[in-house]
Amino acid sequence: MTPAQIRLLDALAGTLPPRAIVTDRDAIAPLETDWRGRWHGHAPLLFLPGSTAEVSAIVAAAAALRVPLVPQGGNTSMVGGATPPADGSAAILSTRRMNAIRRLDADAGLAVAEAGVILSDLHAAALGVGRRFPLSLGAKGSATVGGLVSTNAGGTQVLRFGTMRGLVAGIEAVLPDGQVHDGLAALKKDNRGYDLTQLLIGGEGTLGVVTAATLRLVPAVAARAVAWVGLADPAAALALLRRFQAASEDVESFELLPAESLGAVLRHIPGTRAPLAGEHPWHALIELTAADTARELPAAVIERVLAAALADGLVADATIAASEAQAEAFWRIRESISEAERATGPAAQHDISVPVEAMPRFMVEAAAACEARFPGSSASGFGHLGDGNVHFHVRAPAGVDARRWFAEEAPVVTSFVDDLVVAAGGSISAEHGIGQMKLGELERLSAPARMTALRAIKAALDPHGIMNPGKLVALAPGGAGE
Ligand code: FAD
């Protein structure tokens, strides 16, 4: 422990209950490595506050003693965002004990959830009052409200309901000096200047600790239909999506997969099988849901749109899930891609976005450019076509030494891909954030205006640089910017 950490421990020992302060190595160790196992940090001290008042006391004392804090929820960050620095200078502040749903108001369509509430528990609680929280992702069994807010998480329903930015109606947070910002009231109109709530959303723990959020709920699903479609190329997929959106407001998900991704799942994930008999270069997974059964049902919309698309030759083949079990089997293929591709071999992975209408062309041209520039590699994107966001993977040539390839080749591949993304007017982080993984690329590729503003905001709210150092925006060591 550093001298400052020892003083912090002394300062808080009389204020916090014993279970809120942890120094046991075995308890802390699992929190020091990220979900992907790519970043390994070290924190001699872990705080487990049980209330906003306790978070405030911890942050105020840490600020006074200049001890950096790393907020952590479910530790499922894809960019090393919740991993402490390796030098042991920081303490982890986990929200795991703050897991109460303070309020569920079905009529208002609002839930007030503490930061440590796990997404799947929020889903279950909302369903219990006939509502749902319309954001889901593969890590729903671990990811927390605080982490989802702080990464502005997306997922598979953004097409219809937007990212966390649109689903948060209010926030309670402890700012870097320990003051509590109480912004939980769900105000439809509020023009008191800069929007602190929106600053904290996507702030990756660098501007304070989110302690609770007011979240928007929507009516529960009354009818659902899921289809799997074989297509010639991403342009046909986008044309099909536009037809669906013109036909119905109920389009909830539209996920695109190349044949390589489907093949990887079928090879590596036991119990999966191809939804269509023939082979197709591209596949789309489409879901429509309705909250009431008074208008045309999702299954009827899907049948109508697909029949026309098949007749026009826009779609090569299609099948509609005949049961909930079959619908879940289709979704399992989609949700297993990351795991299956990991088993296939090393790959440089990029969570990127470009304007939606530009995405089909980008996917085809960027893949060809990568394969030409890195002989032996194969490249393709999969995911949220309708959001203009795909996970673009460049797989290493067969037989390479994975460790060497990741150390020497993958960064070159990533710079190449990121340059293509920027040239297409896109973003090098669509939904996973910057964390420590993309900090260098953000600096390299951002216009000065963006970086100046990011640093100024960070320095203004966190002048001593104690909140999640080394993530999202780098300040000069010891404090407030350059
Ligand atoms: P953590 O990983 O603990 O933290 C994430 C960041 O938020 C860190 O910077 C941390 O410091 C900060 N943070 C955490 N809690 C707080 C708090 N209370 N106050 C302030 N800062 C805080 N993301 C998507 O957007 N879409 C997806 O489809 C998606 N799928 C995923 C699938 C898998 C299998 C996995 C592992 C991750 C996926 N993610 C996805 C990544 C996503 O960012 C996280 O799952 C989730 O948003 C993070 O929640 P968490 O509680 O685990 O946060």
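The values are calculated or read from the model by the stated rules, or taken from the named source; none is laboratory data. Remember, it's a predicted structure, so these values are computed and weren't measured experimentally. As a convention, Cβ positions derive from the backbone with ideal geometry for all residues, glycine included, and neighbour counts pool all protein chains shown. To get the accessible areas, we keep the full protein, side chains included, count just its heavy atoms, and leave off ligands, DNA and RNA. Shrake-Rupley method; radii C 1.70, N 1.55, O 1.52, S 1.80 Å.
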Q.
Within segment 4-14, does at least one residue satisfy the condition of being under 22 Å from residue 176 (Cα atoms) and within 16 Å of the ligand (Cβ to nearest atom)?
A. no
Q: Provide a single number: the residues in segment 74-99 that are at pLDDT 95 or above, of a type in the set (A, V, I, L, M, F, W, C) and open to solvent by 30 Å² or more (accessible area, probe 1.4 Å).
A: 1
Q. If you check 319, 293, which single one turns out to be among the β-branched types (Val, Ile, Thr), open to solvent by 10 Å² or more (accessible area, probe 1.4 Å) and out of contact with any helix residue (DSSP H, G or I) (no Cβ under 9 Å at 6 or more places or on another chain)?
A. 293
Q: Output the number of the condition that residue 205 fails; it satisfies all remaining conditions of (1) open to solvent by less than 30 Å² (accessible area, probe 1.4 Å); (2) more than 30 Å from residue 330 (Cα to Cα); (3) out of contact with any helix residue (DSSP H, G or I) (no Cβ under 6 Å at 6 or more places or on another chain).
A: (3)
Q. Which residues, counting only those in segment 148-157, are more than 7 Å from the ligand (Cβ to nearest atom) and either open to solvent by 30 Å² or more (accessible area, probe 1.4 Å) or touching a Gly at 6+ places or on another chain (Cβ under 6 Å) (or both)?
A. 152
Q) Considering segment 423-456 alone, what residues qualify as being within 16 Å of the ligand (Cβ to nearest atom), over 19 Å from residue 34 (Cβ atoms) and free of Cβ contacts under 8 Å to residues at least 40 places away in the same chain? A) 454
Q. When segment 49-72 is examined, which residues are found to be more than 12 Å from the ligand (Cβ to nearest atom), surrounded by fewer than 21 Cβ atoms within 10 Å (Cβ to Cβ) and closer than 16 Å to residue 146 by Cβ?
A. 50, 51, 56
Q: Among the candidates 349, 326, single out the residue that is open to solvent by 30 Å² or more (accessible area, probe 1.4 Å) and either of a type in the set (Ser, Thr, Tyr) or at pLDDT below 95 (or both).
A: 349
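Output the residues belonging to segment 100-123 that are under 20 Å from the mean Cα position of the chain (by Cα) and either open to solvent by 10 Å² or more (accessible area, probe 1.4 Å) or without any contact (Cβ under 8 Å) to a residue 12 or more places away in the chain (or both).
114, 118, 120, 121, 123 - these are the residues of segment 100-123 that are under 20 Å from the mean Cα position of the chain (by Cα) and either open to solvent by 10 Å² or more (accessible area, probe 1.4 Å) or without any contact (Cβ under 8 Å) to a residue 12 or more places away in the chain (or both).
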(Q) So residue 169 passes all but one of these: (1) more than 16 Å from the ligand (Cβ to nearest atom); (2) open to solvent by 30 Å² or more (accessible area, probe 1.4 Å); (3) outside any loop (DSSP other than H, G, I, E, B). Which condition number does it fail? (A) (2)
Q) Name the residues in segment 397-456 that are under 27 Å from residue 75 (Cβ atoms), touching a helix residue (DSSP H, G or I) at 6+ places or on another chain (Cβ under 6 Å) and among the β-branched types (Val, Ile, Thr), would you? A) 428, 434
Q) Which of the residues belonging to segment 4-38 are modelled with pLDDT of 95 or more, more than 29 Å from residue 79 (Cα to Cα) and open to solvent by less than 90 Å² (accessible area, probe 1.4 Å)? A) 6, 9, 11, 12, 16, 17
**Q.** Among residues of segment 318-355, those that are assigned to a loop (DSSP other than H, G, I, E, B) and either within 22 Å of residue 371 (Cβ to Cβ) or without any contact (Cβ under 8 Å) to a residue 40 or more places away in the chain (or both), counted
**A.** 5
